[in-house]
1. Where the second residue is of a type in the set (Lys, Arg) and not in a helix (DSSP H, G or I) and the first is free of Cβ contacts under 8 Å to residues at least 24 places away in the same chain and lies in region 4-22, which pairs have Cβ atoms under 8 Å and are six or more apart or on separate chains?
2. Check region 66-84 and report whether any residue there is surrounded by 10 or more Cβ atoms within 10 Å (Cβ to Cβ) and at pLDDT 80 or above.
Amino acid sequence: MFGRLGAPEIILILVVIILLFGAKKLPDMARSLGKSARILKSEAKAMKDEGSSTATPAGPPNTDEQTPAQRTIQAAPGDVTSSRPVTEPTDTTKR
């Protein structure tokens, strides 16, 4: 019943999307979606790298109060308008 989408159905769906959102907003929406995907990808990669580096602890936890180094995650190379500093969680962080 709903399994087959042919060319007329796809064209109808595209026309409805254009009518709902407007032709001027679609490129902005696609750009925003691309930025979100890049941010998600960089966050996932950072979490994966963090997970593999903390899998084997080097020694006892450090009890000295030290300020963790900040990383900056950028949405796209050279895009500094949407970059933000990220503090790394420590064992002394209150949860």
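1. Taking only residues 6 or more apart or on different chains, not a single pair turns up.
2. There is no residue in region 66-84 that is surrounded by 10 or more Cβ atoms within 10 Å (Cβ to Cβ) and at pLDDT 80 or above.
The values are calculated or read from the model by the stated rules, or taken from the named source; none is laboratory data. Here the structure is a predicted model, which means the values were calculated and not measured. We place every Cβ from the backbone using ideal geometry, glycine too, and count neighbours over all the protein chains shown.
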